[in-house]
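Read through the structure below, which is laid out as structure tokens, and then see the notes.
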Amino acid sequence: MIEEVLANLFRIEIPLPGSPLKSLNSYVIRAPERNLIIDTGLNREECLRAMQTGLREVGVDLEKTDFFITHLHADHFGLVSRLVTDASKVYFNRPDAEAVKTWGGWESMIDYAGMNGFPENELQAALHSHPGYRYGSERVPELSVLGDGDTIIVGDYLFECVETPGHTRGHTCLYERARKILLCGDHILNDITPNIQCWSDQGNPLKSYLESLDKVYELEVDLALPGHRRLFRNYKERIEELKRHHHNRADEVLSILGKGPKHAFQVASKMTWDIEYESWEQFPVAQKWFATGEAIAHLRYLEEKAMVIRGAEEKTIIYSLNND
Ligand SMILES: [Zn+2]
């Protein structure tokens, strides 16, 4: 599916088979000198074919094309190494570039999941069904690092980078001030809620995310172009909804811990999820993984607010309400 959103700015729908996200929006800006592709899809044949078909239809030559990737997740970054040519620039943010370069494998994430109560016997299955494990980039192309406020000119479009940490440490949106459009990656989605996960004791992704929502709230946006699902115009309203959502989730976590101390996997199993399975036991292991990461993000947020404390027990992290 290809749609011309604005003059010379196209959306190509890249299928994500088997993913609850359904598809990725890749945006293509066609320009006389160099074209720009924003986000690419997973490193798998279905995505490559959809991209090639779309580019052919729009008349974009990869030899004259640069890339901007909003963040390191495989559904955005995975395919880029299959599309670049020697002349391509791949614009990316510094924190995610560092995470990609210093990537030491899945071991530390797996260990951390285990410490948070993720069942030992499901860890390997969770890893093997993870999109990043199955369809990540096969190699990392040379990256051109951009920071907050840096600009990219493509034809008569002028994009400003807006760093929005939270969904990942370096997630970055592109703002086109004259046209009042924001290419918002996975920072703001309209039909689904961006997943905020935490897989280490460093950082506080949910706090960063909420701050990044406040940061972009001030931008004048007539049309938001998200990484998944439909484009939307109810920009400020949607930001307010997302903030409310996470505050409600944090309250839910507090009430779950009110019934007794728990590890993050147990907390996740008691939270309400907008998913078509009847019970937690029926969740596919990949969904249990994302849910646990999201529970940890809320627990870490509440821990830093001193509303939740962790027990001294060494093997498993047990959280409880801070009654002091
Ligand atoms: Zn993402």
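Things to note:
- Database remark: amide H of residue 229 closer than 5 angstrom to the amide H of 23, 25 (H placed geometrically; neighbours at sequence offset of 5 or more, or on other chains; Pro and chain starts carry no H).
- Normalised per residue, the volume of the convex hull around the Cα set of the range 175-285 (Å³): 126 Å³
- Summed side-chain charge close to residue 268 - residues other than residue 268 whose Cβ falls under 10 Å, Lys, Arg +1, Asp, Glu -1: +2
- From helices alone, the chain scores -10500 deg cm²/dmol at 222 nm; the rule is -39500 (n - 2.57) for each run of n ≥ 4 DSSP H residues, then divide by the residue total.
- Once the chain from residue 230 to residue 106 is taken as fully extended at 0.36 nm per residue, the excess over their C-alpha distance is 41.4 nm.
- Residues with amide H under 5 Å from that of residue 41, placed H, sequence gap 5 or more: 76, 77, 78, 79
- The C-alpha atoms of the chain occupy a region whose extents along the principal axes are 63, 39, 36 Å, arranged from largest to smallest.
- Estimated dipole of the chain in Debye, rounded to 20 [Cβ of Lys and Arg +1, of Asp and Glu -1, Cα centre]: 200 debye
- Gain upon complete extension [residue 5, residue 120; 0.36 nm per residue less C-alpha separation]: 36.7 nm
- Here r is the Cβ-Cβ distance between residue 86 and residue 180 and R0 is 35 Å; the resulting FRET efficiency, rounded to 0.05, is 0.45.
- Length gained when the stretch residue 133-residue 320 is fully extended (0.36 nm per residue, less Cα-Cα span): 64.1 nm
- A simple rule links phi to the HN-Hα coupling: the Karplus curve 6.51 cos²θ - 1.76 cosθ + 1.60 with θ = phi - 60°, which for the range 86-97 gives 4, 8, 6, 9, 10, 7, 7, 8, 5, x, 6, 4 Hz, with x for Gly and Pro.
- Taking every DSSP beta bridge that has both ends in the chain, the antiparallel portion is near 70%.
- In the chain, Cα pairs under 8 Å separated by at least six residues give a relative contact order of 14 percent.
Only the coordinates and a few stated rules stand behind these numbers; no lab work does. What you see is a predicted model, and the numbers here were worked out from it, not measured in a lab. Neighbour counts are summed over all protein chains in view; Cβ atoms, including those assigned to glycine, are modelled from backbone coordinates with ideal geometry.
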